[in-house]
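Here's the structure, in structure tokens; my notes come after.
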Amino acid sequence: MELGGRLIRFRSRGVPLWKIGGGVLCLLVVLTACAAPPTPAPPSPTPSPSPTHTATVTPSPTATFTPTPTATPTPTPTPVRAGTPFASDPQGILEINLEQVVELARWGYGSSRDIALSPDGTWLAVATRLGVVLYRANPLTFFTLLNVWEPLQVAFSADSQRLYIASQGIEEWDLTTMQPERTFPSEGASRAMEMILSRDEQTLALLYPDPIGKSAAWLERWDLSKGALTATLRLPSPGSAVREVALSPDLNHAALHGGGLVQVVNARTGDPLTLLPASQSPPGKMTFSPDGSLLAVAYPDQRYDFQNTNRIEVFTVPHGVRQFTYRLSGGEGKDQALISLAYSPAGDFLAAGFANRVVRLWQGVGLPRMTLQGETEPAQLLFSPDGARLVSSGVDVWEIASGERL
């Protein structure tokens, strides 16, 4: 018998196995089967749960949107004033065509900072964000725009031939050539709040707030004949940083405040003179009378309380004694806040401008003698040298005798 690749011979009592026959072989098979360990019965099959059939959702076809071509808009020309040339096929401003760019029109000149009338009544200068706008004063017609960077204050010489402008420095312009002649390197010109030329034209005084925000202002005095700075004075102010200043025409006194008490100072020495009485509402604009003996202080209404607390108080200089109080009544005062003051050259009229484009004139005490209606806010007011006209920074011009807006 061959098993596992080897031939094995069995003998039984000398008889060869192959002679025993099939019976022995069967017995051997049976014995071998009886000697093997019993084969365990196969485990009963555990019934598998029937799978739950989930319905297959057939996706609905998604609609395909066909893009609709959008029409290219036709450029609409920008509206321009009559007489302004305008290209029908405007082109973009690129580096290659910068040399072709020219000014076609200018609408407005920005907000006003200061106004001045020449002593001979010929010129009206308005300092604006874009430069100094120069008008012929009578009749009022635009003349030119002086290219000055961020001007703040303007003042004419007594002969009306020169214009001084506080900008990055103090510029002196010759009005016969319309060209700058000199520039004074003033440290405070770029922050100027008041600039006055002395009556003898020897001194130009410039008043500006402290550069680092302290409760003080600085006064520069320039000798125009030499073009030299002759004095710099520190003028103290109570409370916070200075917000408003005023300088008397004779350059003797200054008034300043930071929204609280008003300090009157000697502008020759820098010594504080007096504090004006405290008020329930913060002070605003201030102006000196032509002879410097009076100081008018505006107290604008700052609350919506269905009242009108706008008022003007007039004090003596330098002692600060209250002389007059001008009040208004009716309406909501916040809507018509007091924003500007000006004395006439003779000191007989006091003009006050309000945020509702109204200007009121007082003469003496009592109620306003005249109410004038303008088209713009009178941020600054100025009388003509002869006192016959009143000009606002808008520019509105009124005739005082008739009250007519010219």
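The values are calculated or read from the model by the stated rules, or taken from the named source; none is laboratory data. Small disclaimer: the values here were computed from a predicted structure and weren't measured. Quick reminder, even Gly has a Cβ in these numbers, built from the backbone with ideal geometry, and neighbours come from all protein chains shown.
If you scan the range 173-204, which residues turn out to be closer than 21 Å to Trp123 by Cα, among the polar types (S, T, N, Q) and not in a strand (DSSP E or B)? Reasoning before the result, please.
Let us first name the residues in the range 173-204 that are closer than 21 Å to Trp123 by Cα, namely 173-182, 194-201, 204.
Retained after the next criterion (residues that are among the polar types (S, T, N, Q)): 176-177, 179, 198.
Result: Thr176, Thr177, Ser198.
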Residue satisfying all of: in the range 204-216; out of contact with any Gly (no Cβ under 9 Å at 6 or more places or on another chain) and of a type in the set (Gly, Ala, Ser); modelled with the highest pLDDT among these: Ala205
Answer residue from the range 166-183, given it is touching an Asp or Glu at 6+ places or on another chain (Cβ under 9 Å) and over 17 Å from Leu229 (Cβ atoms) and is surrounded by the most Cβ atoms within 10 Å (Cβ to Cβ) among those: Trp173
Output the residues belonging to the range 353-365 that are surrounded by fewer than 17 Cβ atoms within 10 Å (Cβ to Cβ) and in a loop (DSSP other than H, G, I, E, B). Asn356, Gln363, Gly364, Val365
Odd one out for Pro290 among (1) of a type outside the set (A, V, I, L, M, F, W, C); (2) exposed (fewer than 15 other Cβ atoms within 10 Å of the Cβ); (3) under 30 Å from Arg182 (Cα atoms); (4) more than 33 Å from the chain's Cα centre (by Cα): (2)
First in the range 369-383 and in contact (Cβ under 8 Å) with a residue 40 or more places away in the chain, second anywhere and surrounded by fewer than 18 Cβ atoms within 10 Å (Cβ to Cβ) and not aromatic (Phe, Trp, Tyr), Cβ under 8 Å, 6 or more apart: Ala379/Ser111; Phe383/Pro345
Could you figure out which of (1) within 27 Å of the chain's Cα centre (by Cα); (2) more than 20 Å from Leu341 (Cα to Cα); (3) in a strand (DSSP E or B); (4) not acidic (Asp, Glu) isn't true of Leu235? (1)
Under 7 Å by Cβ, and 6 or more places apart or on different chains, what pairs join a residue from the range 89-109 that is closer than 26 Å to Phe142 by Cα and without any contact (Cβ under 8 Å) to a residue 60 or more places away in the chain with one that is among the β-branched types (Val, Ile, Thr) and part of a loop (DSSP other than H, G, I, E, B)? Val101/Ile93; Leu104/Thr84; Ala105/Val80; Ala105/Thr84
Those residues that are part of a strand (DSSP E or B) and surrounded by fewer than 19 Cβ atoms within 10 Å (Cβ to Cβ), I need them from the range 222-232; list them, please. Asp223, Ala228, Leu229, Thr230, Ala231, Thr232
All positions within the range 293-304 that are more than 18 Å from Pro318 (Cα to Cα) and surrounded by fewer than 17 Cβ atoms within 10 Å (Cβ to Cβ): Gln302, Arg303, Tyr304
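State yes or no: is Thr287 β-branched (Val, Ile, Thr) and under 23 Å from Phe354 (Cβ atoms)?
On the way: β-branched (Val, Ile, Thr): yes; under 23 Å from Phe354 (Cβ atoms): yes.
When the stated conditions are applied, Thr287 passes them.
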Is it the case that the range 164-172 has a residue that's under 16 Å from Leu207 (Cβ atoms), out of contact with any Cys (no Cβ under 9 Å at 6 or more places or on another chain), assigned to a strand (DSSP E or B) and among the β-branched types (Val, Ile, Thr)? yes
Looking for something surrounded by fewer than 12 Cβ atoms within 10 Å (Cβ to Cβ) and assigned to a loop (DSSP other than H, G, I, E, B) - is there at least one such residue anywhere in the range 119-142? yes
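Being of a type in the set (Asp, Glu) and more than 31 Å from the chain's Cα centre (by Cα) is the requirement here; does Asp210 meet it?
Here the answer is no, as Asp210 does not meet what is asked.
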Filter the range 240-263 down to residues that are of a type outside the set (Asp, Glu) and surrounded by fewer than 24 Cβ atoms within 10 Å (Cβ to Cβ), then give me how many there are. 13
Can you tell me which residue among Ser393, Ser384 is closer than 26 Å to Leu247 by Cβ and modelled with pLDDT under 90? Ser393
Candidates Asp386, Asp301, Asp348, Asp305 - the one that is touching a residue at least 40 places away in the same chain (Cβ under 8 Å) and of a type in the set (Asp, Glu): Asp386
Consider only pairs whose beta carbons are under 6 Å apart and that are at least six residues apart or on different chains; among these, list those whose first residue lies in the range 213-227 and is over 15 Å from Pro272 (Cβ atoms) and whose second residue is aromatic (Phe, Trp, Tyr) and crowded, with 22+ Cβ neighbours inside 10 Å. none
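With respect to Ala137, is the statement that it is at pLDDT below 95 and in contact with an Asp or Glu (Cβ under 6 Å, 6 or more places away or on another chain) true?
no
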Yes/no for Ala125 being at pLDDT 90 or above, closer than 17 Å to Asp396 by Cβ and either within 27 Å of the chain's Cα centre (by Cα) or among the aliphatic types (A, V, I, L, M) (or both): yes
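Residue-wise test of (1) within 22 Å of Ser248 (Cβ to Cβ); (2) under 25 Å from the mean Cα position of the chain (by Cα); (3) part of a strand (DSSP E or B).
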| position | (1), (2), (3) |
| --- | --- |
| Ala351 | yes, no, yes |
| Leu367 | no, no, no |
| Thr371 | no, no, yes |
| Ala379 | yes, yes, no |
| Gly387 | yes, no, no |
| Gly394 | no, yes, no |
| Ser402 | no, no, no |
Residue by residue through the range 138-162, note down the ones that are in contact with a Ser or Thr (Cβ under 6 Å, 6 or more places away or on another chain) and hydrophobic (A, V, I, L, M, F, W, C). Val148, Trp149, Phe156
